[in-house]
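Below: one structure, written as C-alpha cells.
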Amino acid sequence: MTQYDPLFSQVRIGALTLKNRFAMAPMGPLGLGDAQGGFNQRGIDYYTARARGGVGLIFTGVTFVDNEIEEHGMPNCPNSTYNPVQFVRTSREMTERIHAYNTKIFLQMSGGFGRVTIPTNLGEFPPVAPSPIPHRWLDKTCRELTTEEIHTLVQRFGEGAWNAKRAGFDGVQIHAVHEGYLIDQFAISLFNHRTDEYGGSLENRLRFAREIVEEIKARCGQDFPVVLRYSPKSFIKALREGALPGEEFEEKGRDLEEGVAAAKLLASYGYDALDVDVGSYDAWWWSHPPMYQAKGLYMPYAKLVREVVEVPVLCAGRMDDPERALSALSDGVCDIISLGRPLLADPEYVNKLRTGRTACIRPCISCQEGCMGRIQEYSMINCAVNPQTGRERVTAYNPVLRPKRVPAGGAGPPVWRLPGCWPSGATGRSSLNEPAAWEVTCWPPGRPLSRRTSWRWSAGMRMS
Ligand SMILES: Cc1cc2nc3c(=O)[nH]c(=O)nc-3n(C[C@H](O)[C@H](O)[C@H](O)COP(=O)(O)O)c2cc1C
Ligand code: SF4
C-alpha cells in the first residue's frame, strides 16, 4: 500500500474499464503519420513506449476524417478515411502492441481546424469555417461551409470511427468543442453567424457535435466509447486577442455560464466522458500552458464541469505532481488525470510512480521547445529533455551480447575515467537490470575499489 494507491484504482468510461487513473493527453502526431494517412513506424513505437510506461489510456493526437472539404498536404496527421486499408493495417499493429501492456487506446478524430488552420498546413487551400469570419493567422476570410458539407463531415466521422474500431481502437475522442477548432467555431456565437439549423440557439450551435456522436454510436454501437475534448471557457478578449491569468475582461468567446450549460447538453447527447481544458487559439497560453502558468491550471474548470455531469471528467494541464493528482481525485475535480508533456519527457512516469521511484521521474519543464517548437519548425514531435521522444526505435538501448573490454587506468576511482561517467553510459546498459556490456579492467591491478565502484560491482558489472 502507498499513498498513491487511489491513482492506481480502476475507472470506467462507458462500458470500458481502465487499469488506472492516468491517460496520455492527445498531442499532435506530427511526423508520426505516413503519406497514405496511416501511422508510420515512429508513431507505432512512440505510442507503444507510453503503454510500456504504464499509462492506462492513450489518446492519439489529432487525426483527420476528411481531406477534401479542408485539404491538408500529405503526409500530415493520420487520416482514418483517406486510405482505410492503410489506416487499419498500420493502426492494427499499434493497437495490438499497446493492448499487450493492458493499456487502452482511443483515436482522436478532428472535424478540421477551420479558422485556425496552421498556415504551413493550409498552403494555398482556402480556409473553411461556419461563417465568413477572419482567419486566425492570415489576412483571409474563411469560406462558409454548406449544409451538405456539414452532413458529409458527420458521415466521415462515422466511417472514420468504424475504421478505428476495425483497427482495434477501444474508443474515439472527438476534437473538439475546445481551443477554437472547427466544431468549437460552430459552438461559439462569436464565430457562428449562421441562420440555418446549425446557428442561433446553443442547441443549434451544438448540433454538429451532437450529430457526430449520434452517427458514431449508430455505426459502431452504443457501447463504443466516445469522449469529447471540451473547453468550458475560451479566454477571448477580441478576435486574435487573449486574456492573461488574473486579468479582468469581458469574455467574447464561451464563458463559464454557457460552458456549464453546454457540458450538460453534450453529456446528454451521448458523450461518454469530457476531457476538460480551457483556452483557444486567441489565448494559446491557456491551451498550451508554458512554465509561467500555474500547475493544475484547469482544475477549477474541470470541477465545475464534473459537478453538473454524470460522465467521467478528465483533466490535463501540468498535472505531473502526484500529490496534486491525488487531491484532484479526492476533491472531486476529475476522475482521470491526463498527462501530455510529462509523458513526452518521461514515458515511464506512471510505472515509476507505481513502484515508488518518484525521484527518478524526469520532469517536463514546460519549455515548449522540443514539442511545440519542433512541431512548428520541423513538423515533428520531440522533447527538449528526452531526445528519444519520437525516435524510440533508432535511439533504443539494446543489450550488447558480447561485452567489450575497457581499460580504466590512472589515479582516481576507475569508473570516473570512463566516457560519460554516467551509470548507464559507463556500463553500456540502459538500466541496472540489463546485463553489463563492458568488462572494465582497472590499472594498476589490485587497486582497492571505491564505494561507487563497489555499488556498480554489486549491480552486475564485471571488473578484473
Ligand atoms: C505538442 C503538443 C501537441 C498537442 N496537440 C493536441 C492535440 O492534437 N489535440 C488536443 O486535444 N490537444 C493537444 N495538445 C494539448 C494537450 O492535450 C494538453 O491539454 C496540454 O499540453 C496541457 O497538458 P500537459 O501540461 O499535461 O501537457 C497538445 C499539446 C502539446 C504540447
Ligand atoms: S519540450 Fe519542454 S515542454 Fe515539451 S515536453 Fe519536453 S520538457 Fe516539456
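The values are calculated or read from the model by the stated rules, or taken from the named source; none is laboratory data. Treat the numbers as computed from the prediction; the structure is a model and nothing was measured. Virtual Cβ from ideal backbone geometry, glycine too; neighbours counted across all protein chains shown.
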Handout entry: Residue pairs meeting the criteria (Cβ under 7 Å; at least 6 apart or on separate chains; first touching a residue at least 24 places away in the same chain (Cβ under 8 Å) and outside any helix (DSSP H, G or I), in the range 328-348; second surrounded by 24 or more Cβ atoms within 10 Å (Cβ to Cβ) and among the aromatic types (Phe, Trp, Tyr))
Key = 337/22; 339/22; 339/349
Practice task
For the range 35-46, state whether one or more residues are touching a Gly at 6+ places or on another chain (Cβ under 8 Å) and among the aliphatic types (A, V, I, L, M).
Solution key: no
Handout entry: Residue list for the range 166-176, restricted to those being more than 11 Å from ligand 1 (Cβ to nearest atom) and in a strand (DSSP E or B)
Key = 171, 172
Completion exercise
Checked the range 370-384 for anything assigned to a helix (DSSP H, G or I) and near ligand 1 (Cβ under 10 Å from one of its atoms); matches are 370, 371, 372, 373, 374, 375, 376
Fill in the blank from the handout: Within the range 206-255, residues over 23 Å from residue 26 (Cβ atoms), part of a helix (DSSP H, G or I) and in contact (Cβ under 8 Å) with a residue 40 or more places away in the chain come out as 218
Practice task
Select from the range 201-236 the residues that are buried (at least 24 other Cβ atoms within 10 Å of the Cβ) and of a type in the set (Ser, Thr, Tyr) and list them in ascending order.
Solution key: 230, 231, 234
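Checking the conditions here, which among 168, 160 is surrounded by 24 or more Cβ atoms within 10 Å (Cβ to Cβ) and within 26 Å of the chain's Cα centre (by Cα)? Spell out how you get there, then give the answer.
Values: 168 fails: surrounded by 24 or more Cβ atoms within 10 Å (Cβ to Cβ).
Among 168, 160, only 160 is surrounded by 24 or more Cβ atoms within 10 Å (Cβ to Cβ) and within 26 Å of the chain's Cα centre (by Cα).
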Practice task
Identify the single condition in (1) touching a residue at least 40 places away in the same chain (Cβ under 8 Å); (2) loosely packed, with under 15 Cβ neighbours inside 10 Å that residue 323 does not satisfy, given that it satisfies every other one.
Solution key: (1)
Exercise for the section: Please work out if residue 9 is hydroxyl-bearing (Ser, Thr, Tyr) and either surrounded by fewer than 24 Cβ atoms within 10 Å (Cβ to Cβ) or more than 30 Å from residue 142 (Cα to Cα) (or both). Expected result: yes
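Answer with yes or no whether residue 305 is assigned by TED's automatic domain parsing to the domain that holds residue 43, closer than 27 Å to residue 236 by Cα and not charged (D, E, K, R). It would help to see each step written out before you state the result.
Working: assigned by TED's automatic domain parsing to the domain that holds residue 43: yes; closer than 27 Å to residue 236 by Cα: yes; not charged (D, E, K, R): yes.
When the stated conditions are applied, residue 305 passes them.
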